[in-house]
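Report on the structure given below.
The numbers here are math on the coordinates, done by the rules we state, and not lab data. Owing to the predicted nature of the structure, the values given are computational and were not obtained by experimental measurement. Cβ coordinates were reconstructed from backbone atoms using ideal geometry, including for glycine residues, and neighbour counts include every protein chain displayed.
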Amino acid sequence: MATAAIKWRAEVACKLCRNAAVKTKGQWLKANVKVMAKDVIIACDFSSKEQTLSFLDKFTGRKPFVKIGMELFYAEGPAIVREIKARGHKIFLDLKLHDIPNTVRKAMSVLSRLDVDMCNVHAAGTVDMMRAGLEGLTREDGTRPLLIAVTQLTSTSEERMQKELLIDATINDCIAKYAENAKEAGLDGVVCSPLEASLVKEHCGKEFFTITPGVRFADSSKDDQVRIMTPAQAREIGSDYIVVGRPITAAEDPVAAYERCCKEFLNE
């Protein structure tokens, strides 16, 4: 009875605080994860270290949370992650792992050494693959970055999903199911368009994070995104983090654009 009570208290503390490690069937399903406040993440979609650091040098005040995607990571490798981290930035490493479970587990065990704050997999890789990624990402001491899953890319419309990917469902049903699978696997949240953030919360709970790209200012170009919202709209529907790229990185004054985005999303 005492053992069961201790286990129950540990599980409750994990759900409420995300700062306890619970071991089930020999695997770490939850771990010591630092819960961060809502934030604006800048997508540093540059092709070189020089471009990236030149951009970040403009921010002489607070250090923005940044996303490092495939373009920059493949160009510069893990060294760019370490350098940006050493400058004091939080990092979302956006590599969208999608492979067989064993490969994802091993890859995540390597990425865990980079001390990023968030990384991701594709939810389409199945619950087993996502669970394997979580296992690989979790260090021996039980700590790990946030792990989230991509539901459907913001460039994917329902028509394309059905006709090209042969997913015979509405895009909302697909995203809700992928989010539920991610939660079942023990992940912390999902990447989805801001249009689906409230849907994800409805199916997975308020503590399940939504990270939403496809955010544009009302007076910005849509570029190649098809499911978008403004920062203020994303705040209203419950996004936890928004990822903003060209409206900030291509702005005449990136710092001013970033501050505008923070004001609209964080209501600062």
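Structure notes:
- Among 155-164, 72-81, the peptide with the highest mean count of other Cβ atoms within 10 Å heads the list, and the full ranking is 72-81, 155-164.
- Taking Cα centre as origin and charging only the Cβ of basic (Lys, Arg, +1) and acidic (Asp, Glu, -1) residues, the dipole magnitude of the stretch 41-147 rounds to 280 debye.
- Sorting 146-152, 198-204 by average packing, meaning the other beta carbons within 10 Å per residue, from highest down gives 146-152, 198-204.
- Packing around the peptides 110-117, 232-239, taken as the average count of other Cβ atoms within 10 Å per residue, puts them in this order, highest first: 232-239, 110-117.
- Net charge of neighbours whose Cβ lies under 12 Å from the Cβ of A124, counting Lys and Arg as +1 and Asp and Glu as -1: +1
- When only Cα pairs below 8 angstrom with a gap of at least 6 residues are kept, the stretch 35-110 shows a relative contact order of 31 percent.
- Anisotropy class of the stretch 36-266 from Cα gyration tensor, a/c 1.5 cut: oblate
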